Amino acid sequence: MLFDFAEVAPRNRYKLLVSTITPRPIAWVTSQDARGILNAAPFSFFNAFAGDPPIIGIGISNRSSGHKKDTRANIAETGQFVVNLVSEESAHAMNVTAIDFEPHINELAEAGLTALPSVHVQPPRIAESPVSMECALHQIIDLGPASSLVLGRILAMHIRDDAVLDAANAYIDTPKLHLIGRMHGVSWYARTTDLFELPRLAAPERK
Ligand SMILES: Cc1cc2nc3c(=O)[nH]c(=O)nc-3n(C[C@H](O)[C@H](O)[C@H](O)COP(=O)(O)O)c2cc1C
């Protein structure tokens, strides 16, 4: 069936995107405002876009009231944030931090999570995350009146010790991270356990 986006209402365009572009990794972002008030929230319009420079991007929409989400406002204000990845063990806590709390509420405390100091940026990382990326703001691109793309440059990455196989060669035991992805609808998620291997082919082997 053809869905011509010129004729599809914005709400349904969103539903078509999130029902098909799956699974999406989740950026669990910690940020602070200029006064140091801590914030945490998950975003699944998220991915890596370059290795050199190491750039990640996060799509942040406005609230239905038209106000900017705290994460977007904090990053614009301070230029710093941490992207923590979400393991299955932290799925519930991640979901708690997605609640629209008042800006002065510390979402990490509400979710029973532990903040650990970062090395290069002010916002702390989440101890319960197996991977945390300290980021500096690269650019905010306004995508329209209600959405922005936040591009961040990774300054440092923390990876849980037991998942590092060989630090010198950057070999990571990815399955051990138990990362989850966001699926369709508002409440479906995927584990990263159903894997298969597809070796890369040299051109003459292609059949
Ligand atoms: C798994 C998950 C993924 C989400 N992804 C996005 C997203 O990509 N963009 C967005 O604007 N909101 C997303 N949200 C909603 C925000 O997390 C939510 O609006 C949150 O309250 C924003 O918090 P803040 O105002 O503290 O930044 C997502 C929520 C969940 C649970």
Open item on the list: Take the residues in segment 101-115 that are acidic (Asp, Glu) and surrounded by 12 or more Cβ atoms within 10 Å (Cβ to Cβ); name whichever of them is farthest from residue 65 (Cα to Cα).
Closed with: 110
- [ ] Only residues that are closer than 22 Å to residue 163 by Cβ and either aliphatic (A, V, I, L, M) or not in a strand (DSSP E or B) (or both): list them for segment 122-149, please.
- [x] 124, 126, 127, 128, 129, 130, 131, 133
- [ ] Collect the residues in segment 128-148 that are under 30 Å from residue 195 (Cα atoms) and open to solvent by 50 Å² or more (accessible area, probe 1.4 Å), keeping them in residue-number order.
- [x] 128
TODO: Assess whether residue 40 counts as being within 22 Å of residue 134 (Cα to Cα) and not in a strand (DSSP E or B).
DONE: no
Open item on the list: I need a count of the residues in segment 153-194 that are of a type in the set (Gly, Ala, Ser) and over 17 Å from residue 24 (Cβ atoms).
Closed with: 5
Open item on the list: For a quick check of your reading of the model, give me the residue pairs whose first member lies in segment 29-54 and is farther than 30 Å from residue 187 by Cβ, whose second is more than 15 Å from the ligand (Cβ to nearest atom) and open to solvent by 40 Å² or more (accessible area, probe 1.4 Å), with beta-carbon atoms closer than 7 Å and at least 6 apart or on different chains.
Closed with: 53/153; 54/153
Task: Residue satisfying all of: in segment 33-42; in contact with a helix residue (DSSP H, G or I) (Cβ under 6 Å, 6 or more places away or on another chain) and either over 23 Å from residue 118 (Cα atoms) or not hydrophobic (A, V, I, L, M, F, W, C) (or both); least open to solvent (accessible area, probe 1.4 Å) among these - done: 39
Open item on the list: Being within 16 Å of the ligand (Cβ to nearest atom) and touching a His at 6+ places or on another chain (Cβ under 7 Å) is true for just one of 89, 128, 110, 102. Which residue is that?
Closed with: 89
Open item on the list: With the requirement that a residue be touching a residue at least 60 places away in the same chain (Cβ under 8 Å) and hydrophobic (A, V, I, L, M, F, W, C), what does segment 147-180 give you?
Closed with: 149, 150, 151, 154, 177, 179, 180
TODO: Hey, can you tell me all the residues within segment 43-68 that are open to solvent by less than 30 Å² (accessible area, probe 1.4 Å) and either under 13 Å from residue 100 (Cα atoms) or assigned to a loop (DSSP other than H, G, I, E, B) (or both)?
DONE: 44, 62
Open item on the list: Anything in segment 56-85 that is within 16 Å of the chain's Cα centre (by Cα), farther than 20 Å from residue 179 by Cα and away from the ligand (no atom under 12 Å from the Cβ)? List them, or say none.
Closed with: 80
TODO: Would you point out which residue out of 18, 82, 29, 8 is of a type outside the set (Gly, Ala, Ser), assigned to a helix (DSSP H, G or I) and open to solvent by less than 30 Å² (accessible area, probe 1.4 Å)?
DONE: 18
Open item on the list: Condition first: small (Gly, Ala, Ser) and within 11 Å of the ligand (Cβ to nearest atom). Now tell me which residues in segment 1-52 satisfy that.
Closed with: 27, 31, 40, 41, 44
Open item on the list: For residue 162, only one of the following conditions fails: (1) acidic (Asp, Glu); (2) open to solvent by 40 Å² or more (accessible area, probe 1.4 Å); (3) under 18 Å from residue 71 (Cα atoms). What is its number?
Closed with: (3)
TODO: Give the residues of segment 167-192 that are surrounded by 10 or more Cβ atoms within 10 Å (Cβ to Cβ), of a type in the set (Ser, Thr, Tyr) and in a loop (DSSP other than H, G, I, E, B), sorted by residue number.
DONE: 192
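The values are calculated or read from the model by the stated rules, or taken from the named source; none is laboratory data. Remember, predicted model here, so these are calculated numbers, not experimental data. Counting neighbours? That spans all protein chains shown, and the Cβs are built from the backbone with ideal geometry, glycine included. The area values use the complete protein model at the heavy-atom level, side chains included, leaving out ligands, DNA and RNA. Shrake-Rupley method; radii C 1.70, N 1.55, O 1.52, S 1.80 Å.
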